[in-house]
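Since the structure comes first, as structure tokens, the remarks are kept for the end.
The values are calculated or read from the model by the stated rules, or taken from the named source; none is laboratory data. Computed from a predicted model, the values in this text were never measured in an experiment. As a convention, Cβ positions derive from the backbone with ideal geometry for all residues, glycine included, and neighbour counts pool all protein chains shown.
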């Protein structure tokens, strides 16, 4: 159940409305006017609440459900106790997501510009934007419509932010062109210098970082993650990418569409990812690698060679998943001798 101090509840909804939202079907159509106030887990749901049940491994626990209604599959519906109103969905997980979006939302601040914000005369702000306390917008910044800039964030000179974007508390964006519907979480650092040096005359001489960060549409970048700008070429984050907290994306990286980078992933410079690559937590990549579309990188893998499209790899150095399992089995067997 969502805490009303932090989330707005748009209910209650009738079971018929819930069916329309979720694409579900009521087993007993006479119950369509029953009202639901909240969504809860199947172990904690109670009267006036709805839950979702889709885990075959927990059939025995289903008998303890006390919710007014439950969305489940036809197969699992027999496990529910009498008295629970049953809604049948082909995909209860998707149904849960749809109802969650409809019933709850985070409060959106009213459009205004706080007096403490520091806004350059040449900065341009779109319609219906919220600009929080101590936000800094430097020269020639462009902010689209319906944006939320939370307190203390800084948008450096020349950056462009698209429509419906949200920039979190204390985030700093520089040398960046951003699309629409992006969410940059608090503390993120985007567009800072890439880590490029050349050893000359006994010193590490900095290589000028003259590129930008280009972020597509519908991108999320987690709290305290860092996206370096390119050295000469741009760093590119493709449409629909999801980047978790505490991720490092170095200069000149190219991410295709829909890539997922889980927390503490680190990617060295000039790597190119295809579409829908998934990187588990703490995975690391050497520089100048090509990672094919649909590749899956298991947690804590160390990738030192190119990865073919669709391949799943694991280990350090990373090898195909089946090879890793054979290696692990061999080591376990050898250790028992």
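A few comments on the model shown:
- For the condition closer than 28 Å to residue 4 by Cβ and in a helix (DSSP H, G or I), residue 57 does not qualify.
- Qualifying positions in segment 87-118 - surrounded by 15 or more Cβ atoms within 10 Å (Cβ to Cβ) and over 26 Å from residue 8 (Cα atoms): 88, 117
- Of residues in segment 9-40 being over 16 Å from residue 101 (Cα atoms) and surrounded by fewer than 13 Cβ atoms within 10 Å (Cβ to Cβ), the one farthest from the chain's Cα centre (by Cα): 30
- Among the residues of segment 293-311, the ones that are within 21 Å of the chain's Cα centre (by Cα) and either at pLDDT below 95 or crowded, with 16+ Cβ neighbours inside 10 Å (or both) come to 7 in all.
- Being over 16 Å from residue 253 (Cβ atoms), in a loop (DSSP other than H, G, I, E, B) and touching a strand residue (DSSP E or B) at 6+ places or on another chain (Cβ under 9 Å) is true of residue 187.
- Boolean, residue 124 is over 26 Å from residue 51 (Cα atoms) and at pLDDT below 95: no
- Taking (1) surrounded by fewer than 19 Cβ atoms within 10 Å (Cβ to Cβ); (2) modelled with pLDDT under 95; (3) on the phi < 0 side of the Ramachandran plot; (4) out of contact with any strand residue (DSSP E or B) (no Cβ under 7 Å at 6 or more places or on another chain) in turn, residue 83 satisfies each apart from (3).
- Odd one out for residue 81, checked against (1) under 32 Å from the mean Cα position of the chain (by Cα); (2) part of a loop (DSSP other than H, G, I, E, B): (1)
- Among the residues of segment 256-285, those identified as in a strand (DSSP E or B) and more than 13 Å from residue 220 (Cα to Cα) are 266, 267, 272, 273, 278, 279, 284, 285.
- Hey, residue 90 closer than 30 Å to residue 62 by Cα and either assigned to a loop (DSSP other than H, G, I, E, B) or at pLDDT 95 or above (or both) or not: yes
- Of residues in segment 205-220 being in contact (Cβ under 8 Å) with a residue 24 or more places away in the chain and assigned to a loop (DSSP other than H, G, I, E, B), the one surrounded by the fewest Cβ atoms within 10 Å (Cβ to Cβ): 207
- Count of residues meeting criterion [under 14 Å from the mean Cα position of the chain (by Cα) and surrounded by fewer than 20 Cβ atoms within 10 Å (Cβ to Cβ)] in segment 221-257: 9
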